[in-house]
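The values are calculated or read from the model by the stated rules, or taken from the named source; none is laboratory data. Model, not experiment: these values are computed from the prediction. Cβ placement follows ideal geometry from the backbone for every residue including glycine, while neighbour counts extend to all protein chains displayed. Side chains included, ligands, DNA and RNA excluded: accessible areas come from the protein's heavy atoms. Shrake-Rupley method; radii C 1.70, N 1.55, O 1.52, S 1.80 Å.
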Amino acid sequence: MASVAEPIHAGLAPSARPAVRVVPVRGLPLVAVAVVGLVVAIATNSTWALDFFHVVGGGLWTGIDLFFGLVLGPIIGTMSIPARMEFSSRVMPKMLLIMPTLVTMTLGSGFQLARKLGNLAANSPNHGWLVASYIVVGVMATIALGLLEPANIAVLFELRKPNPNGARIGRLMKIFIYTAGITGLMQIATLVIMTRLASG
Amino acid sequence: MEAHAPLEERKLPPVQQIGVAVLVLIVAGGIYTAAHLPRHVPQGPTIAVLCAAVVLLAVNVSLLARIDGFAWQVFRLVSGWVFLAYLVIAGMLEYVFIYDHTRGSQLLILSLMLAVFAVDIPLLLGFSVARFQDADR
(Lines give C-alpha, C1' and ligand atoms only; values in the text may rest on other atoms or scores of the structure.)
Protein backbone atom coordinates (compact mmCIF):
# COMPACT_ATOMS: atom_id res chain seq x y z
CA MET A 1 0.00 0.00 0.00
CA ALA A 2 1.27 3.46 -0.86
CA SER A 3 2.44 5.57 2.00
CA VAL A 4 0.56 8.82 2.47
CA ALA A 5 3.89 10.60 2.64
CA GLU A 6 4.91 9.39 -0.80
CA PRO A 7 6.42 12.29 -2.77
CA ILE A 8 4.15 13.39 -5.50
CA HIS A 9 6.87 14.38 -7.90
CA ALA A 10 7.69 10.72 -8.53
CA GLY A 11 4.29 10.34 -10.13
CA LEU A 12 2.86 12.95 -12.40
CA ALA A 13 4.70 15.99 -13.60
CA PRO A 14 2.63 19.19 -13.36
CA SER A 15 2.31 19.30 -17.13
CA ALA A 16 1.01 15.72 -17.20
CA ARG A 17 -1.70 16.36 -14.65
CA PRO A 18 -5.19 17.19 -15.89
CA ALA A 19 -6.36 20.74 -15.17
CA VAL A 20 -8.67 20.61 -12.17
CA ARG A 21 -11.95 22.42 -12.40
CA VAL A 22 -13.52 22.54 -8.95
CA VAL A 23 -17.09 23.03 -10.14
CA PRO A 24 -18.02 21.42 -13.48
CA VAL A 25 -20.05 24.32 -14.87
CA ARG A 26 -21.52 22.23 -17.67
CA GLY A 27 -23.39 20.19 -15.08
CA LEU A 28 -25.16 23.20 -13.54
CA PRO A 29 -28.11 23.18 -16.00
CA LEU A 30 -28.84 19.58 -14.97
CA VAL A 31 -28.82 20.63 -11.32
CA ALA A 32 -31.19 23.50 -12.17
CA VAL A 33 -33.55 21.07 -13.96
CA ALA A 34 -33.59 18.78 -10.90
CA VAL A 35 -34.26 21.67 -8.49
CA VAL A 36 -37.02 23.17 -10.67
CA GLY A 37 -38.56 19.70 -11.05
CA LEU A 38 -38.54 19.28 -7.29
CA VAL A 39 -40.21 22.66 -6.76
CA VAL A 40 -42.91 21.70 -9.29
CA ALA A 41 -43.40 18.31 -7.60
CA ILE A 42 -43.91 19.99 -4.22
CA ALA A 43 -46.11 22.75 -5.61
CA THR A 44 -48.39 20.32 -7.49
CA ASN A 45 -48.35 17.88 -4.54
CA SER A 46 -48.41 15.04 -7.05
CA THR A 47 -47.87 11.70 -5.33
CA TRP A 48 -46.17 10.26 -8.41
CA ALA A 49 -43.80 13.22 -8.81
CA LEU A 50 -42.89 13.23 -5.10
CA ASP A 51 -42.43 9.47 -5.19
CA PHE A 52 -40.28 9.80 -8.32
CA PHE A 53 -37.95 12.38 -6.77
CA HIS A 54 -37.74 10.50 -3.48
CA VAL A 55 -37.13 7.06 -4.97
CA VAL A 56 -34.76 8.20 -7.73
CA GLY A 57 -32.83 10.63 -5.50
CA GLY A 58 -32.73 8.29 -2.51
CA GLY A 59 -31.81 5.23 -4.56
CA LEU A 60 -28.93 7.01 -6.24
CA TRP A 61 -27.77 8.67 -3.01
CA THR A 62 -27.78 5.37 -1.11
CA GLY A 63 -26.21 3.47 -3.98
CA ILE A 64 -23.44 5.99 -4.54
CA ASP A 65 -22.67 6.20 -0.81
CA LEU A 66 -22.54 2.42 -0.47
CA PHE A 67 -20.43 2.03 -3.60
CA PHE A 68 -18.05 4.83 -2.65
CA GLY A 69 -17.80 3.85 1.00
CA LEU A 70 -17.55 0.11 0.76
CA VAL A 71 -16.19 -0.59 -2.75
CA LEU A 72 -14.33 2.39 -4.21
CA GLY A 73 -13.02 3.76 -0.89
CA PRO A 74 -10.96 0.69 0.02
CA ILE A 75 -9.68 0.50 -3.58
CA ILE A 76 -8.63 4.18 -3.52
CA GLY A 77 -6.87 3.49 -0.22
CA THR A 78 -4.56 1.02 -1.94
CA MET A 79 -3.75 3.30 -4.90
CA SER A 80 -0.54 5.31 -5.20
CA ILE A 81 -0.76 9.04 -4.45
CA PRO A 82 -0.44 10.04 -8.14
CA ALA A 83 -3.18 7.58 -9.07
CA ARG A 84 -5.38 8.93 -6.25
CA MET A 85 -4.73 12.43 -7.53
CA GLU A 86 -5.74 11.59 -11.05
CA PHE A 87 -8.84 9.76 -9.84
CA SER A 88 -9.79 12.60 -7.47
CA SER A 89 -9.30 15.31 -10.06
CA ARG A 90 -11.82 13.59 -12.31
CA VAL A 91 -14.38 12.27 -9.82
CA MET A 92 -14.51 14.82 -7.00
CA PRO A 93 -15.76 17.80 -9.04
CA LYS A 94 -18.65 15.71 -10.33
CA MET A 95 -19.47 14.52 -6.81
CA LEU A 96 -19.56 18.14 -5.73
CA LEU A 97 -22.59 18.67 -7.97
CA ILE A 98 -24.21 15.24 -7.82
CA MET A 99 -24.41 14.64 -4.07
CA PRO A 100 -25.97 17.93 -2.83
CA THR A 101 -28.50 17.69 -5.68
CA LEU A 102 -29.47 14.11 -4.80
CA VAL A 103 -29.69 14.95 -1.10
CA THR A 104 -31.92 17.98 -1.76
CA MET A 105 -34.15 15.93 -4.11
CA THR A 106 -34.49 13.08 -1.62
CA LEU A 107 -35.09 15.08 1.54
CA GLY A 108 -37.37 17.72 0.00
CA SER A 109 -39.64 15.18 -1.69
CA GLY A 110 -39.42 12.71 1.21
CA PHE A 111 -40.67 15.18 3.79
CA GLN A 112 -43.58 16.23 1.58
CA LEU A 113 -44.42 12.61 0.82
CA ALA A 114 -44.43 11.74 4.52
CA ARG A 115 -46.67 14.72 5.18
CA LYS A 116 -49.06 13.75 2.39
CA LEU A 117 -49.25 10.09 3.43
CA GLY A 118 -49.84 11.03 7.07
CA ASN A 119 -46.60 9.49 8.33
CA LEU A 120 -45.62 12.73 10.07
CA ALA A 121 -48.56 12.46 12.48
CA ALA A 122 -47.46 11.41 15.96
CA ASN A 123 -50.11 8.68 16.07
CA SER A 124 -48.94 7.16 12.78
CA PRO A 125 -47.44 3.69 13.27
CA ASN A 126 -44.58 4.84 11.02
CA HIS A 127 -43.73 7.95 13.04
CA GLY A 128 -40.98 6.24 15.06
CA TRP A 129 -39.30 5.00 11.88
CA LEU A 130 -39.49 8.49 10.43
CA VAL A 131 -37.77 10.00 13.46
CA ALA A 132 -35.13 7.27 13.22
CA SER A 133 -34.54 8.26 9.59
CA TYR A 134 -34.16 11.95 10.63
CA ILE A 135 -31.47 10.92 13.11
CA VAL A 136 -29.61 8.80 10.55
CA VAL A 137 -29.78 11.61 7.96
CA GLY A 138 -28.70 14.14 10.61
CA VAL A 139 -25.62 12.13 11.52
CA MET A 140 -24.78 11.60 7.84
CA ALA A 141 -25.25 15.31 7.09
CA THR A 142 -22.94 16.26 9.96
CA ILE A 143 -20.24 13.85 8.78
CA ALA A 144 -20.64 14.87 5.13
CA LEU A 145 -20.68 18.63 5.69
CA GLY A 146 -18.28 18.75 8.60
CA LEU A 147 -15.58 16.33 7.43
CA LEU A 148 -16.12 14.72 4.03
CA GLU A 149 -16.94 17.78 1.94
CA PRO A 150 -14.18 20.01 3.43
CA ALA A 151 -11.64 17.24 2.71
CA ASN A 152 -13.00 16.81 -0.81
CA ILE A 153 -12.75 20.53 -1.67
CA ALA A 154 -9.36 20.91 0.02
CA VAL A 155 -8.01 18.06 -2.16
CA LEU A 156 -9.32 19.76 -5.30
CA PHE A 157 -7.63 23.05 -4.38
CA GLU A 158 -4.40 21.24 -3.53
CA LEU A 159 -4.50 19.57 -6.93
CA ARG A 160 -4.68 22.98 -8.61
CA LYS A 161 -1.31 24.01 -7.18
CA PRO A 162 1.77 23.79 -9.43
CA ASN A 163 3.37 21.44 -6.88
CA PRO A 164 0.66 19.70 -4.88
CA ASN A 165 1.66 18.30 -1.49
CA GLY A 166 1.29 14.52 -1.76
CA ALA A 167 1.36 13.91 1.99
CA ARG A 168 -1.39 16.48 2.53
CA ILE A 169 -3.52 14.96 -0.24
CA GLY A 170 -2.95 11.52 1.29
CA ARG A 171 -4.12 12.73 4.70
CA LEU A 172 -7.18 14.48 3.29
CA MET A 173 -8.05 11.48 1.13
CA LYS A 174 -7.87 9.29 4.23
CA ILE A 175 -10.49 11.49 5.90
CA PHE A 176 -12.59 11.28 2.73
CA ILE A 177 -12.29 7.47 2.52
CA TYR A 178 -13.08 6.87 6.21
CA THR A 179 -16.04 9.24 6.28
CA ALA A 180 -17.37 7.79 3.00
CA GLY A 181 -17.12 4.33 4.65
CA ILE A 182 -19.07 5.52 7.70
CA THR A 183 -21.81 7.14 5.61
CA GLY A 184 -21.90 4.00 3.45
CA LEU A 185 -22.54 1.87 6.55
CA MET A 186 -25.17 4.34 7.78
CA GLN A 187 -26.96 3.99 4.46
CA ILE A 188 -27.62 0.36 5.38
CA ALA A 189 -29.68 1.71 8.29
CA THR A 190 -31.49 3.98 5.81
CA LEU A 191 -32.31 0.97 3.62
CA VAL A 192 -33.75 -0.92 6.61
CA ILE A 193 -35.85 2.08 7.69
CA MET A 194 -37.13 2.96 4.22
CA THR A 195 -38.06 -0.60 3.26
CA ARG A 196 -39.82 -0.93 6.64
CA LEU A 197 -41.73 2.30 5.92
CA ALA A 198 -42.63 1.24 2.39
CA SER A 199 -44.00 -2.10 3.55
CA GLY A 200 -46.32 -0.35 6.03
CA MET B 1 7.10 40.61 5.26
CA GLU B 2 6.71 38.39 8.32
CA ALA B 3 7.51 34.74 7.64
CA HIS B 4 4.81 32.24 8.55
CA ALA B 5 5.29 28.66 9.74
CA PRO B 6 4.77 25.85 7.21
CA LEU B 7 1.07 25.30 6.54
CA GLU B 8 0.85 21.97 8.44
CA GLU B 9 2.53 23.40 11.54
CA ARG B 10 0.58 26.64 11.80
CA LYS B 11 -1.36 27.02 15.00
CA LEU B 12 -4.86 27.99 13.98
CA PRO B 13 -7.91 28.55 16.19
CA PRO B 14 -10.45 25.69 16.34
CA VAL B 15 -12.66 27.21 13.63
CA GLN B 16 -13.43 23.86 12.03
CA GLN B 17 -14.33 22.19 15.34
CA ILE B 18 -16.60 25.06 16.36
CA GLY B 19 -18.15 25.07 12.88
CA VAL B 20 -18.98 21.38 13.24
CA ALA B 21 -20.42 22.05 16.73
CA VAL B 22 -22.71 24.72 15.23
CA LEU B 23 -23.72 22.24 12.53
CA VAL B 24 -24.51 19.58 15.16
CA LEU B 25 -26.71 22.04 17.08
CA ILE B 26 -28.63 23.07 13.97
CA VAL B 27 -29.09 19.46 12.85
CA ALA B 28 -30.27 18.52 16.37
CA GLY B 29 -32.73 21.43 16.34
CA GLY B 30 -33.93 20.37 12.90
CA ILE B 31 -34.47 16.75 13.99
CA TYR B 32 -36.32 17.87 17.14
CA THR B 33 -38.57 20.17 15.09
CA ALA B 34 -39.21 17.63 12.32
CA ALA B 35 -40.06 14.96 14.89
CA HIS B 36 -42.88 17.17 16.23
CA LEU B 37 -44.29 18.53 12.98
CA PRO B 38 -47.04 19.06 11.95
CA ARG B 39 -48.08 19.44 15.61
CA HIS B 40 -47.00 22.37 17.74
CA VAL B 41 -43.26 22.25 18.42
CA PRO B 42 -42.23 23.10 22.02
CA GLN B 43 -40.09 26.19 21.47
CA GLY B 44 -37.87 26.15 24.57
CA PRO B 45 -35.40 23.54 23.31
CA THR B 46 -35.28 24.95 19.75
CA ILE B 47 -34.65 28.49 21.02
CA ALA B 48 -31.92 27.20 23.36
CA VAL B 49 -30.25 25.32 20.51
CA LEU B 50 -30.55 28.31 18.20
CA CYS B 51 -29.06 30.70 20.78
CA ALA B 52 -26.15 28.35 21.46
CA ALA B 53 -25.52 28.03 17.71
CA VAL B 54 -25.61 31.82 17.21
CA VAL B 55 -23.17 32.40 20.07
CA LEU B 56 -20.75 29.75 18.77
CA LEU B 57 -21.03 31.13 15.24
CA ALA B 58 -20.22 34.64 16.50
CA VAL B 59 -17.22 33.27 18.42
CA ASN B 60 -16.10 31.46 15.28
CA VAL B 61 -16.35 34.56 13.09
CA SER B 62 -14.39 36.52 15.69
CA LEU B 63 -11.66 33.84 15.91
CA LEU B 64 -11.43 33.65 12.15
CA ALA B 65 -11.16 37.42 11.74
CA ARG B 66 -8.19 37.53 14.12
CA ILE B 67 -6.03 35.08 12.16
CA ASP B 68 -2.89 36.78 11.03
CA GLY B 69 -1.61 35.91 7.57
CA PHE B 70 -4.42 33.87 6.08
CA ALA B 71 -5.42 33.04 2.50
CA TRP B 72 -8.39 35.37 2.56
CA GLN B 73 -8.78 35.44 -1.21
CA VAL B 74 -9.22 31.68 -1.36
CA PHE B 75 -11.46 31.80 1.71
CA ARG B 76 -13.70 34.38 0.02
CA LEU B 77 -13.73 32.43 -3.25
CA VAL B 78 -14.77 29.13 -1.64
CA SER B 79 -17.14 30.51 0.96
CA GLY B 80 -18.75 32.83 -1.60
CA TRP B 81 -19.64 30.01 -3.97
CA VAL B 82 -20.69 27.70 -1.17
CA PHE B 83 -22.86 30.48 0.26
CA LEU B 84 -24.56 30.82 -3.13
CA ALA B 85 -25.20 27.07 -3.27
CA TYR B 86 -26.54 26.97 0.28
CA LEU B 87 -28.70 29.98 -0.39
CA VAL B 88 -30.48 27.84 -3.00
CA ILE B 89 -30.80 24.92 -0.55
CA ALA B 90 -31.93 27.18 2.31
CA GLY B 91 -34.36 28.92 -0.07
CA MET B 92 -35.74 25.53 -1.04
CA LEU B 93 -36.30 24.61 2.62
CA GLU B 94 -37.85 28.00 3.38
CA TYR B 95 -40.23 27.46 0.47
CA VAL B 96 -41.25 24.08 1.93
CA PHE B 97 -41.85 25.63 5.38
CA ILE B 98 -44.09 28.33 3.93
CA TYR B 99 -45.82 25.90 1.58
CA ASP B 100 -46.61 23.69 4.59
CA HIS B 101 -48.25 26.66 6.38
CA THR B 102 -45.57 27.09 9.03
CA ARG B 103 -46.26 30.51 10.52
CA GLY B 104 -45.38 32.91 13.31
CA SER B 105 -42.64 32.22 15.81
CA GLN B 106 -42.12 28.67 14.51
CA LEU B 107 -41.33 30.02 11.04
CA LEU B 108 -39.04 32.65 12.54
CA ILE B 109 -37.06 30.05 14.54
CA LEU B 110 -36.74 27.75 11.53
CA SER B 111 -35.69 30.66 9.28
CA LEU B 112 -33.04 31.75 11.77
CA MET B 113 -31.76 28.18 12.00
CA LEU B 114 -31.52 28.12 8.21
CA ALA B 115 -29.67 31.44 8.25
CA VAL B 116 -27.12 30.09 10.76
CA PHE B 117 -26.75 26.97 8.61
CA ALA B 118 -26.25 29.07 5.45
CA VAL B 119 -23.46 31.07 7.14
CA ASP B 120 -21.81 28.21 9.05
CA ILE B 121 -21.29 25.83 6.12
CA PRO B 122 -19.56 28.38 3.83
CA LEU B 123 -17.37 29.46 6.75
CA LEU B 124 -16.48 25.84 7.52
CA LEU B 125 -15.67 24.93 3.92
CA GLY B 126 -13.85 28.21 3.20
CA PHE B 127 -11.65 27.75 6.27
CA SER B 128 -10.96 24.08 5.53
CA VAL B 129 -9.59 24.98 2.10
CA ALA B 130 -7.87 28.28 2.88
CA ARG B 131 -5.90 26.84 5.81
CA PHE B 132 -3.85 24.80 3.32
CA GLN B 133 -3.19 27.74 0.99
CA ASP B 134 -0.38 30.25 1.20
CA ALA B 135 -1.33 33.47 2.95
CA ASP B 136 -2.23 36.52 0.87
CA ARG B 137 0.70 38.77 0.11
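Before moving on, here are some points about what is shown:
- Check on A:ARG84, buried (at least 16 other Cβ atoms within 10 Å of the Cβ) and touching an Asp or Glu at 6+ places or on another chain (Cβ under 7 Å): no
- Checking each residue in region B:25-71 for being over 20 Å from B:SER111 (Cβ atoms), in contact with a helix residue (DSSP H, G or I) (Cβ under 9 Å, 6 or more places away or on another chain) and outside any loop (DSSP other than H, G, I, E, B) picks out B:VAL59, B:ASN60, B:LEU63, B:LEU64.
- Positions within region B:80-105 being open to solvent by less than 20 Å² (accessible area, probe 1.4 Å) and assigned to a helix (DSSP H, G or I), in sequence order: B:VAL82, B:ALA90, B:MET92, B:VAL96
- Inter-residue pairs, beta-carbon under 9 Å, first more than 7 Å from chain A (Cβ to nearest Cβ) and in region B:90-103, second surrounded by 15 or more Cβ atoms within 10 Å (Cβ to Cβ) and at pLDDT below 80, 6+ apart: B:THR102/B:LEU37
- Exactly one residue out of B:GLY19, B:GLY29 is under 16 Å from B:GLY126 (Cβ atoms) and at pLDDT 90 or above, and it is B:GLY19.
- Note on region A:81-200: enclosed helices (runs of 4 or more DSSP H) holding 2 or more residues that are of a type in the set (A, V, I, L, M, F, W, C) and under 25 Å from B:PRO38 (Cβ atoms) are A:81-117, A:127-143, A:166-198.
- Consider region A:115-168 and keep the residues that are touching a His at 6+ places or on another chain (Cβ under 9 Å) and facing another protein chain (nearest Cβ under 8 Å). The one that is nearest to B:GLN17 (Cα to Cα) is A:LEU120.
- Residue check, A:SER109 in contact (Cβ under 8 Å) with a residue 40 or more places away in the chain and surrounded by fewer than 22 Cβ atoms within 10 Å (Cβ to Cβ): no
Quick grid of which residues meet (1) more than 13 Å from every other protein chain (Cβ to nearest Cβ); (2) modelled with pLDDT of 85 or more:
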residue	(1), (2)
A:ILE8	yes, no
A:SER15	yes, no
A:VAL23	no, no
A:VAL31	no, yes
A:LEU50	no, yes
A:VAL55	yes, yes
A:TRP61	yes, yes
A:LEU72	yes, yes
A:MET79	yes, no
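- Candidates A:ASN119, A:ASN165, filtered to the one that is out of contact with any Asp or Glu (no Cβ under 7 Å at 6 or more places or on another chain), among the polar types (S, T, N, Q) and on the phi < 0 side of the Ramachandran plot: A:ASN119
- The set of residues in region A:145-177 being open to solvent by 40 Å² or more (accessible area, probe 1.4 Å) and touching a residue at least 40 places away in the same chain (Cβ under 8 Å) consists of A:ARG160, A:PRO162, A:ASN163, A:ASN165, A:ARG171, A:LYS174.
- Residues satisfying the stated conditions in region B:37-60, i.e. surrounded by 17 or more Cβ atoms within 10 Å (Cβ to Cβ) and at the interface with chain A (Cβ under 10 Å from one of its Cβ atoms): B:LEU37
- Among (1) open to solvent by 60 Å² or more (accessible area, probe 1.4 Å); (2) more than 17 Å from A:GLU149 (Cβ to Cβ); (3) within 13 Å of chain A (Cβ to nearest Cβ), the one test that B:ASP68 misses: (3)
- Residue match in region A:58-73 (condition: of a type in the set (Val, Ile, Thr) and either open to solvent by 30 Å² or more (accessible area, probe 1.4 Å) or not in a helix (DSSP H, G or I) (or both)): yes
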